[in-house]
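Peer 1: Encoded as structure tokens, here's the structure I'll be asking about.
The values are calculated or read from the model by the stated rules, or taken from the named source; none is laboratory data. Predicted, not measured: the structure shown is a model, and the values here were computed from it. Virtual Cβ from ideal backbone geometry, glycine too; neighbours counted across all protein chains shown.
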Amino acid sequence: MAQEIERKFLVVGEYKHLAHSSIHIVQGYVASGRRTVRVRISDDRAWLTIKGPSHDGGLSRFEWEIEIESRRALELLPLVEGALIDKRRYFIDVDGHTFEVDEFYGDNLGLVVAEVELQSADEEVPRPEWLGREVTGQKRFYNSHLRAHPYSEWSDEEREMSKE
């Protein structure tokens, strides 16, 4: 089984000038819950991904992914639950790690989250100055949760709690 190990952080500083590339992503969830089935379109490529539940607080989980034809992904979009996730992903290399910084649009405008994939759960993660509080395992920051409970609908209290 493929195992995804990643940590997730809020972004609190300037980061775009550090990116070596970026892509536009639109994705939706055909099924969500303990397991998710996601269809993602990025520029002229597309993927179908299945993710399993996490058993260690959100640090790792099963992930299976296959590239599919873009036209097939477009055929699946009418089946998605809730809203589509629309974002730009910036790739930033820091000390041998690549951070993927997602700047959300639409109903999640204003939310910026960074993820970094790891080789092992105990691997050290560099902490550049633009990296904020860790939110690994906090469901409200999962894309599958944001499609049904977007950042625009969070109360001021929820937004402030997210920054602490």
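Peer 1: Yes or no: the stretch 129-139 includes at least one residue that is more than 27 Å from H17 (Cα to Cα) and either touching a helix residue (DSSP H, G or I) at 6+ places or on another chain (Cβ under 9 Å) or buried (at least 16 other Cβ atoms within 10 Å of the Cβ) (or both).
Peer 2: yes
Peer 1: Now for a different question. Could you tell me whether the stretch 106-127 includes any residue that is touching a helix residue (DSSP H, G or I) at 6+ places or on another chain (Cβ under 9 Å), of a type in the set (S, T, N, Q) and under 23 Å from Y29 (Cα atoms)?
Peer 2: For the stretch 106-127, residues touching a helix residue (DSSP H, G or I) at 6+ places or on another chain (Cβ under 9 Å), of a type in the set (S, T, N, Q) and under 23 Å from Y29 (Cα atoms): present.
Peer 1: I've got another one for you. Are any of the residues in the stretch 136-147 of a type in the set (S, T, Y), within 19 Å of R38 (Cα to Cα) and modelled with pLDDT under 90?
Peer 2: yes
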